[in-house]
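Just so you know, all these numbers are worked out from the coordinates, no wet-lab data involved. Nothing here was measured: the structure is a model prediction, and the numbers come from that model. Here the Cβ positions follow ideal geometry from the backbone for every residue, glycine too, while neighbour counts run over all protein chains shown.
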Amino acid sequence: MASLGIAGTALLMRPQSLLASQVATAAKRANPISLAQWSLHRTFGLCTPESRPAIVLDAMDFAKISKAQYGITRVEYVNQFYQDRVGDSTLAAELRKRADDVGVTSVLIMCDGEGESGAADANARTEFAQNHKKWCALAQALGCTAIRVNARGEGNAQEQLERCADGITQLLAVAKPFGLNVIIENHGGLSSDGAWVAKLMLAVRDDACGTLPDFGNWRDEAGVLHDPVANTALVMPFAKGCSAKSYDFDAQGNETTLDYPKLLDIVRASKYAGPVGIEFEGKKMSESDGIHATKALLLRLGCVL
């Protein structure tokens, strides 16, 4: 994975140093909990045929399900569930009404499948930015503060850095008129290296651009997990979102893959005061049980509803 070296890493770690007053403030702050729609991807039928439940629920009911079944009043949408209604002028109003009717706040939309921000072809990068305009319009209508996109591309680490910075800068020009932030998740490839993502943030240098640290998405192309605590610490100073990935739990309710106490300490020590989104991705537990277990763990570690 790409690296900045000792000096570069030390430089990027400096934003985490806090004054005593900041530490006290962080200790008192409690990040609210949100629910990422991907936690219910099998429930909504976005899965392999063998994983598909006998009864597939309607993704339009996501807000109602979040509130009624899990007591969570903040939601993070995934654009893939609404691809078949792109261009439908009634989608935004219907989704907004369903959320408003149950007192649920829409936080962001996670966007995939709209091209590569770091494509080698300059026209493809422009197309990537323009492809997100429809999702920006939907996000604004729902009252979201951001869209989440991917930093992926072609070429070596430096070439991808430059190309992703260009594609994301073009997307920012599209998103800003909608009053939205553009946030980058560690989501495969070079973006699953915290040092590379931090360099990308410094290259873009825009207050409307930030990161969405995912606790678990620090895997290389071979699927090897690389120090989630250290990588999360590198990107947390730029955070405008946060994803509490979870896979499985022991009898005491602790997540078995990730060091949640240390990860939540990093979140609290940062300036990020926004929601921590549950994103259960386990296969041993049901999606419902996994969401409940993640919620219970986050509450125990100081998050709030």
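Partners of Lys262 within straight-line reach, counting lysines whose Cα lies under 17 Å from its Cα and excluding those fewer than 8 residues away in the same chain: Lys28, Lys245, Lys271, Lys295. Placing unit charges on each Cβ (+1 for Lys and Arg, -1 for Asp and Glu) gives the chain a dipole about its Cα centre, and among Gln80, Gly290, Phe178 the Cα reaching farthest toward its positive end belongs to Phe178. Between amide H atoms placed 1.01 Å from N, distances below 5 Å from Val276 occur with Ile33, Ser34, all of them 5 or more places distant or on a separate chain.
Cβ-to-Cβ counts within 10 Å put Leu57, Leu297, Leu108 in ascending order as Leu57, Leu297, Leu108, the fewest first. The Cβ shell under 14 Å around Tyr260 holds other residues with a net charge of -2, Lys and Arg each +1, Asp and Glu each -1. A Förster radius of 45 Å combined with the Cβ-Cβ distance from Ala296 to Ala120 puts the calculated FRET efficiency at roughly 0.50. Local charge for Ala251 was computed over the other residues whose Cβ lies under 14 Å away, with Lys and Arg +1 and Asp and Glu -1, and equals -3.
The calculated 222 nm mean residue ellipticity attributable to helices in the chain amounts to -12000 deg cm²/dmol, summing -39500 (n - 2.57) over DSSP H runs of n ≥ 4 and dividing by all residues. In this simple spin-label approximation, Ser286 and Glu159 carry label points 7 Å from Cα along the Cα→Cβ vector, and these lie 4.9 nm apart.
Of all lysines in the structure, the ones whose alpha carbon falls short of 18 Å from that of Lys176, not counting any fewer than 8 places away in one chain, are Lys133, Lys134, Lys240. Database remark: amide H of Arg74 closer than 5 angstrom to the amide H of Leu35, Thr105 (H placed geometrically; neighbours at sequence offset of 5 or more, or on other chains; Pro and chain starts carry no H). For the pair the range 255-280 and the range 78-110, the centres of their Cα atoms are 26 angstrom apart.
The phi torsions of the range 138-153, fed into the Karplus equation with coefficients 6.51, -1.76 and 1.60 and a -60° offset, translate into couplings of 5, 4, 4, 4, 7, x, 5, 9, 7, 10, 9, 10, 10, 9, 9, x Hz, rounded to whole numbers, with Gly and Pro shown as x. What the Cα convex hull of the range 144-239 gives, in volume per residue, is 83 Å³. Across the range 209-217, computed HN-Hα scalar couplings (Karplus, 6.51 cos²θ - 1.76 cosθ + 1.60, θ = phi - 60°) run 10, x, 10, 10, x, 9, 4, x, 7 Hz from first to last residue, x flagging Gly and Pro.
Compared with the alpha-carbon gap, the fully stretched path from Lys97 to Gln130 is longer by 9.2 nm at 0.36 nm per residue. The residues packed around Pro275, meaning those with a beta-carbon under 13 Å from its beta-carbon, carry a net charge of +3 if Lys and Arg are +1 and Asp and Glu are -1. Rounded to the nearest 20 debye, the dipole size of the chain about its Cα centre is 1060 debye, using +1 on the Cβ of Lys and Arg and -1 on the Cβ of Asp and Glu. Quick one: Debye curve from the C-alpha atoms of the range 28-300, no solvent, what's log10 I(q)/I(0) at q = 0.12 Å⁻¹? Debye output, listed in q order: -0.71.
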